[in-house]
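Shown next, in structure tokens, is the structure this report addresses.
The values are calculated or read from the model by the stated rules, or taken from the named source; none is laboratory data. Predicted model only: the values in this text are computed from it and were never measured. Here the Cβ is made from the backbone with ideal geometry for all residues, glycine too, and neighbour counts use every protein chain on show.
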Amino acid sequence: MNYLHYDVQAGPSDVVEVTLDRAANVMLLSTSDYNSYRAGRSFNYHGGYVTRSPYRIRPPHQGSWHVVIDLGGHAGTVRASCQVIKG
């Protein structure tokens, strides 16, 4: 499974901004959901299929988050960057 991964510390007053060079799935996951994602199990996330960049999302609560970017099994590569804009 190929994907890009970023660890961020953020909360509802912050914005996680992801810049993409092509459309991709952008998912904001808790640590337990990230572990399930990696293991191929069912997981929950915030985000979705993103076609416009930059993409901005606010975490629902303060904590450690994992930003995962993947192409959903499609061929190719994606270049991305991720930053937290503190509120």
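Inside the range 23-58, residues that are hydroxyl-bearing (Ser, Thr, Tyr), over 16 Å from residue 81 (Cα atoms) and surrounded by 14 or more Cβ atoms within 10 Å (Cβ to Cβ) make up a count of 5. When 4, 71, 20 are screened for being at pLDDT below 95 and surrounded by 15 or more Cβ atoms within 10 Å (Cβ to Cβ), only 71 passes.
The rows are residues; the columns are (1) farther than 14 Å from residue 2 by Cα; (2) in a loop (DSSP other than H, G, I, E, B); (3) out of contact with any strand residue (DSSP E or B) (no Cβ under 8 Å at 6 or more places or on another chain).
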site	(1), (2), (3)
13	yes, yes, yes
35	yes, no, yes
43	yes, yes, no
66	yes, no, no
84	yes, no, no
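In the range 66-87, the residues that are small (Gly, Ala, Ser) form Cβ pairs under 7 Å with partners that are not in a loop (DSSP other than H, G, I, E, B), at six or more places apart or across chains, as follows: 72/25; 80/4; 80/18; 80/19; 80/20; 80/69; 81/19; 87/15.
Kindly evaluate residue 77 against the criterion of being at pLDDT 95 or above and polar (S, T, N, Q).
no
Scanning the range 44-87 for residues that are in contact with a helix residue (DSSP H, G or I) (Cβ under 7 Å, 6 or more places away or on another chain) and closer than 13 Å to residue 26 by Cα yields 44, 45, 66, 68.
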